[in-house]
Amino acid sequence: MIAASAFFIVLIGISMTLYPGGNLIDRTSIHFNFFLNFFSDLGSSLTQSGKQNTSSQVLFIIAMGMFGLVMIYYSRIWRAMDLEVHDYFLLGILSKILFAASGLCFIGMAFTPWNVKFEDHVLLYKISIICFLGWLLIIVFLQSRNEKIRSVFVLNSLIAVVVSLYVYFIFFDEAFGKLPNIEFHAITQKLVMILIPAGLLFQSIGIMHFLRRADFRRSSRKDFYV
């Protein structure tokens with residue numbers, strides 16, 4: 001997860017530099033506008049200005065597909081939250097299902113460009129975010145019992161607050177993605193989509209250090225999950 005998160009951020013960054021331009025407000029733009037372009041624009045086959053977006057789209061597909069697969073694998077991470085985490089086995093299984101579902105949606109978004117299948121893309125996006133939030137809330141609860149990963153618990157708690165507010169906007173704000181508030185929603189979408197891998201990267205580092213010190217007698221591979 002550490003390598004995948006870093007790789008995702010790098011690929012998306014390169015994808016932004018290769019984006020040929022165009023957004024809902026300024027179709028003549030010749031570059032990716034952080035304030036007006038949506039994160040999903042990177043995966044579109046055509047830009048708002050009608051230009052081919054092949055290079056940016058390919059990197060978007062690789063980043064989202066790869067990260068989605070790693071999320072599915074990483075869904076077992078709940079077992080590494082505490083030495084006594086198996087007391088919450090059912091909750092852990094639920095977290096695994098939610099995180100794997102979020103990962104599947106990441107993969108789905110990679111292959112459903114919004115300009116071709118808009119409704120499908122938006123649906124997958126919303127499911128991925130709500131599933132990630134559900135997973136995160138469970139993980140925060142499991143981590144709250146472990147003093148040795150307190151910094152990770154605090155980080156995830158802050159991320160949970162941010163994502164919760166964002167979920168409110170995408171589900172209950174009727175103006176989401178529309179012209180009156182497009183700048184706000186374009187910025188917040190990108191921030192959340194970068195916050196997810198960035199948060200997982202730092203979380204994985206913290207958990208890896210915990211696992212190296214912990215006495216997990218069921219397995220000698222203490223860095224198996226990260």
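A short reminder: the numbers here are calculations on the coordinates, not readings from a lab. Keep in mind the model is a prediction, meaning the values are calculated, not measured. Cβ atoms come from the backbone with ideal geometry, glycine included; neighbour counts cover every protein chain shown.
The figures follow:
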read-out	value
Shape of segment 89-187, Cα gyration tensor, a/c cut at 1.5	oblate
Residue order, fewest to most surrounding Cβ atoms within 10 angstrom, among R79, R145	R145, R79
Peptide ranges 116-125, 56-65 listed from the most packed, as the mean C-beta count within 10 angstrom indicates	56-65, 116-125
Ranking of F172, F141, F202 by count of other Cβ atoms within 10 Å, fewest first	F172, F141, F202
Average Cα contact separation per residue, the chain, under 8 Å, 6 or more apart, as relative contact order %	24 percent
Virtual spin-label span in nm between N115 and I127, 7 Å along Cα→Cβ	2.5 nm
The chain - charge dipole about Cα centre, Lys and Arg +1 at Cβ, Asp and Glu -1, debye rounded to 20	740 debye
Part-to-part distance (alpha-carbon centres) for segment 127-155 and segment 12-29, which is given in Å	34 Å
³J(HN,Hα), Karplus 6.51/-1.76/1.60, whole Hz, each residue of segment 101-113, x for Gly, Pro	5, 4, x, 4, 5, 4, 5, x, 4, 4, 10, 10, x
Per-residue ³J(HN,Hα) for segment 204-210, Karplus 6.51 cos²θ - 1.76 cosθ + 1.60, θ = phi - 60°, Hz, x for Gly and Pro	4, 5, x, 5, 4, 5, 5
Sorted peptide list for 186-194, 128-136, criterion being average Cβ within 10 angstrom, highest first	128-136, 186-194
Cα→Cβ-extended label distance, 7 Å offset, between D173 and T17, nm	3.0 nm
FRET efficiency, I205 to F35 (Cβ-Cβ, R0 41 Å, nearest 0.05)	0.85
Cα gyration tensor shape for segment 2-213, rounded if a/c is under 1.5, else prolate or oblate	prolate
Ascending count of other beta-carbon atoms within 10 Å, so fewest first, for E183, E147	E147, E183
Degrees between helix 2-18 axis and first principal axis of the chain (Cα, 0 to 90, nearest 10)	10 degrees
Pairwise label distance in nanometres, I187 with K51, each label 7 Å out on the Cα-Cβ vector	2.4 nm
Between 0 and 90°, nearest 10: helix 150-172 axis offset from the chain longest Cα axis	40 degrees
Segments 91-99, 158-166 sorted - mean Cβ within 10 Å per residue, highest first	91-99, 158-166
